[in-house]
Each structure stands twice: as C-alpha cells, then as structure tokens.
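Accompanying notes for the structure given below.
The values are calculated or read from the model by the stated rules, or taken from the named source; none is laboratory data. Owing to the predicted nature of the structure, the values given are computational and were not obtained by experimental measurement. Quick note on the areas: whole protein, heavy atoms, side chains included, nothing else; ligands and nucleic acids left out. Shrake-Rupley method; radii C 1.70, N 1.55, O 1.52, S 1.80 Å.
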Amino acid sequence: MIEKTLKTTTGKLLVKIPTSLNEITLGQMMELQEKPSLTDLEAISILAGIPVSQLQNVCKMDDLMAFEDAVRSLSEQIIQLYNNDAIPQKVTFPRHGGTVTIAVIKNLSVEPAGAFMAARDIIAGEIAEHIAYSGEDDLENFNPSLKACCQVLAHYFYCRVTGKQYDEYEAEEFCGEVKKLWVTEALPIAKHFFTCYPNLYKPKVSFWLNCLPF
C-alpha cells in the first residue's frame with residue numbers, strides 16, 4: 001500500500017493506493033473494467049475509495065501522478081495472475097459479524113443442479129455474445145466480463161456460504177458478497193470454470209488484461 005497526504009484547497013487528504021492485487025477486491029476490479037473511458041482520477045478514486053470530487057481539489061496534479069507507477073504495477077500483476085493456474089484451496093467470506101471459510105471444489109457439477117445450469121448459461125451466453133460480435137474464428141481472443149465471472153462465482157458459492165437451499169434470485173443477489181473477495185482469490189477460480197467448463201471453449205490468451213487504464 002502506498003500512502004501519501006496531499007494538500008487540497010480546503011486542507012489535507014490522505015490517499016492510500018494498493019500496490020498488490022492482494023489488496024484489491026473483485027468489486028474494485030469490476031468498477032475499473034466497467035467504465036469505458038476511465039480517467040486517471042477515476043482510477044485513483046476507485047482504488048483509494050475516495051470520491052473524484054475530493055481528488056479534484058488536490059492542489060498539485062503532480063502529487064496525484066505519484067500513484068501512477070503503482071497503478072501500472074497492478075496492470076502487470078493482472079497479467080501474472082492470469083498466467084498462474086493455481087486455484088485457492090479455500091476462501092473466506094464475511095458473515096453475520098464474523099467469517100465463514102469455504103473449501104474450493106473444482107468440479108462445479110457437484111453443486112445443486114440449479115446452480116450448475118445457471119453458471120452454464122452465463123458462460124455459454126458470454127461465449128455466444130463474443131461469437132455474435134467478433135465471429136467464431138476469433139474465439140481465441142474470448143475475454144469474459146468480470147460481471148459474468150462474479151455471477152458464476154455467486155451461483156457456485158451461494159448455498160455453501162449461506163447454508164440455504166438454492167434460489168436463483170438470491171444467488172444473483174449474492175454477487176454483492178462475491179465482490180468482497182480479493183481479486184487474487186476470485187479470478188483464478190472464475191478462470192478455472194471459464195477454461196475448463198465441460199463442452200465449452202477453452203481460451204488461449206488473455207482474460208482480464210485490459211482492466212486497468214495505464
């Protein structure tokens with residue numbers, strides 16, 4: 001974590017930016033990816049958890065540019081994360097004022113049938129959308145959205161984290177909890193299902209290489 005106190009037009013502002021993917025949640029990464037033309041201030045705002053309006057009142061732009069190297073480093077770490085096939089053995093969710101730790105089962109088919117079918121439809125839908133836009137010959141460049149990855153993980157984890165019977169709508173709402181996972185936990189698991197899911201295409205190249213703007 002890089003931390004600096006910056007002078008603003010009204011006083012001082014403490015800005016903290018992660019320097020490691022271990023310090024970034026899936027939700028933050030989704031915000032970075034979902035903005036079509038992300039500005040430097042918006043990227044810093046998302047990573048620091050500070051409104052853009054406050055950053056706009058920093059007296060010297062050069063003070064904010066001090067965070068640029070950290071953001072570039074995060075971009076490089078995303079590439080390394082994609083190239084790493086290691087899947088976490090367990091993940092921890094906040095739950096009812098405490099936490100619950102769940103073992104990661106690599107075979108999605110052991111989950112409830114409803115969860116399996118919902119995840120299958122999400123993955124197939126992402127692939128179909130890519131084919132419709134870019135053609136089947138471009139499948140090697142298939143790049144699923146982080147939103148779809150989050151949805152797949154929500155269906156995968158919902159029953160085991162909550163202890164409830166499967167409910168499609170509640171599983172979708174569970175995306176809010178999945179967004180709290182560290183990106184280093186969530187993306188390798190999602191990558192596993194998108195690349196190894198039965199009867200679906202296995203991408204050859206990048207998944208999330210364009211998440212950051214720098």
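Surface analysis of the chain yields an accessible area of 52 Å² per residue, using protein heavy atoms and a 1.4 Å probe.
Can you send over the carbon and sulfur percentage of the accessible area for the chain, probe radius 1.4 Å, protein chains only? Percent of accessible area from carbon and sulfur atoms in the chain: 47. Here is what passes the span test in the chain: the DSSP H helices with alpha carbon length of 20 Å or more along the helix axis and a Kyte-Doolittle mean of -0.5 or above are 68-83, 113-134, 146-162. Which of the following values of Cα extents along the principal axes in Å was calculated from the structure shown: (i) 57, 47, 28; (ii) 132, 39, 22; (iii) 63, 42, 34? Given (i) 57, 47, 28; (ii) 132, 39, 22; (iii) 63, 42, 34, the structure-derived one carries the label (i). With N residues in the range 58-123, what two-decimal value do you get for its Cα radius of gyration over 2.2 N^0.38 Å? Compared with the compact-globule rule of thumb, the range 58-123 sits at 1.80.
Listed by chain and number, the aspartates and glutamates placed with their C-alpha closer than 18 angstrom to that of K16 are E3, E31, D40, E42, D62, D63, E68, D69; residues fewer than eight positions away on the same chain are left out. Given the pairs K106/K164; K90/K191; K7/K180; K90/K164; K4/K180, which are separated by over 27 angstrom at their Cα positions? Long pairs (Cα-Cα over 27 Å): K7/K180.
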